[in-house]
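Notes follow once the structure below has been shown.
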Amino acid sequence: MKPTSAGDVINVLMHTRVLPVLTVHDAGSGDAIAAGLGAGGLPIAEVTLRTPAALDAIRGLAIGGEVLVGAGTVLSIDDAQRAVDAGARFLVSPGLSESLAMWCQTNGIAFIPGVVQYLCVIPGLNSLD
């Protein structure tokens, strides 16, 4: 069953033991990446937004439909919108941005903010209220 809501995506993420994090330099390698992930039993991947090829790679993986694809290194709402438009089903940010968290919540997108210390956990949880 393909996850249809942000809650479904979070559930998949919580039950996935390995989340491959990919920095893709060649958007044309999407088919090979999807095949490799499938062969390894990994139906999920995060593509970091660190290269010009990232959005095209997300688009290619999302179109194939075999991989639940998300975007990482999401730093702004503009990044989030471009990633979601490309087919990302979840977003990962290196830190907690309340505006980004609210945007994701409003748009029904699963969001995983990074926290460096325990003092960031409570504000992060509170931003989802």
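Of the residues in the stretch 54-72, none is at pLDDT 95 or above and more than 27 Å from Ala39 (Cβ to Cβ).
Picking from Val74, Val69, which residue would you name as being part of a loop (DSSP other than H, G, I, E, B), under 14 Å from Ile112 (Cα atoms), of a type outside the set (Lys, Arg) and touching a Phe, Trp or Tyr at 6+ places or on another chain (Cβ under 9 Å)? Step through it out loud before you land on a result.
Details: Val69 fails: part of a loop (DSSP other than H, G, I, E, B).
Of the residues listed, the single one that is part of a loop (DSSP other than H, G, I, E, B), under 14 Å from Ile112 (Cα atoms), of a type outside the set (Lys, Arg) and touching a Phe, Trp or Tyr at 6+ places or on another chain (Cβ under 9 Å) is Val74.
Being crowded, with 21+ Cβ neighbours inside 10 Å, over 20 Å from His15 (Cα atoms) and either in contact (Cβ under 8 Å) with a residue 24 or more places away in the chain or not aromatic (Phe, Trp, Tyr) (or both) holds for only one residue in Val74, Val47, Val92, Val67, and it is Val74. Within the stretch 1-35, the set of residues being touching a helix residue (DSSP H, G or I) at 6+ places or on another chain (Cβ under 9 Å), exposed (fewer than 15 other Cβ atoms within 10 Å of the Cβ) and among the aliphatic types (A, V, I, L, M) comprises Met1 only.
Scoring Arg50 on the criteria (1) under 24 Å from Leu96 (Cβ atoms); (2) assigned to a loop (DSSP other than H, G, I, E, B); (3) touching a helix residue (DSSP H, G or I) at 6+ places or on another chain (Cβ under 7 Å); (4) modelled with pLDDT of 85 or more leaves a single failure, condition (3).
The values are calculated or read from the model by the stated rules, or taken from the named source; none is laboratory data. Quantities reported herein were computed from a predicted structural model and do not represent experimental measurements. Here the Cβ is made from the backbone with ideal geometry for all residues, glycine too, and neighbour counts use every protein chain on show.
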